[in-house]
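This report refers to the structure that appears directly beneath it.
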Amino acid sequence: MTPDYCANVCSLGGFPYFGLQLNSYCFCGRSYGSHGQAEDSDCNTPCGGNASINCGGPWRNSVFAMRYGSDNGCRSSYRPNPSRPQLVVSSSYSKATYWTEAIPNVAGCIQMCNTAASSCLAVLFNRQARLCQLLKFALVPQALNTVEGEFYARG
């Protein structure tokens, strides 16, 4: 675990804060501070991925605010990503992490994601089938990892 790794994971969900605890735990959140601020000296456990950096401590989080690029108030900046990042996890999350719409072009697919606001962070568009997969996370779900298409994530 490192602050960079945790920040990358939490950015996939658009979280404004992340915290590191006891050298290997990463927490993403929309708020923090409900238990008050601890002494800085309580957050002295070296990170598992880089011992020169501290990652919280026992029952103590080192909390960081995320800084996302400015998009002039619009959530419409997307960048193509040919590597199609994938993550296979087991989870008790029971809601679907994507949905499909028949849309004729990639611009329409991205516009549909913009309309969905916070529930869409990326798209996978198949030109031949004219299908748009709208993704709740900036990762391709395991169920779609064999689907051909162009991957775009908010950027």
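Over all other residues within a Cβ to Cβ distance under 10 Å of GLY13, the charged ones net out to +2, with Lys and Arg as +1 and Asp and Glu as -1.
Taking only protein heavy atoms and a 1.4 Å probe, the accessible area of the range 98-153 is 52% carbon and sulfur.
The values are calculated or read from the model by the stated rules, or taken from the named source; none is laboratory data. None of these values were measured; they are calculated from a predicted model. We place every Cβ from the backbone using ideal geometry, glycine too, and count neighbours over all the protein chains shown. SASA here: full protein model, heavy atoms, side chains in, ligands and nucleic acids out. Shrake-Rupley method; radii C 1.70, N 1.55, O 1.52, S 1.80 Å.
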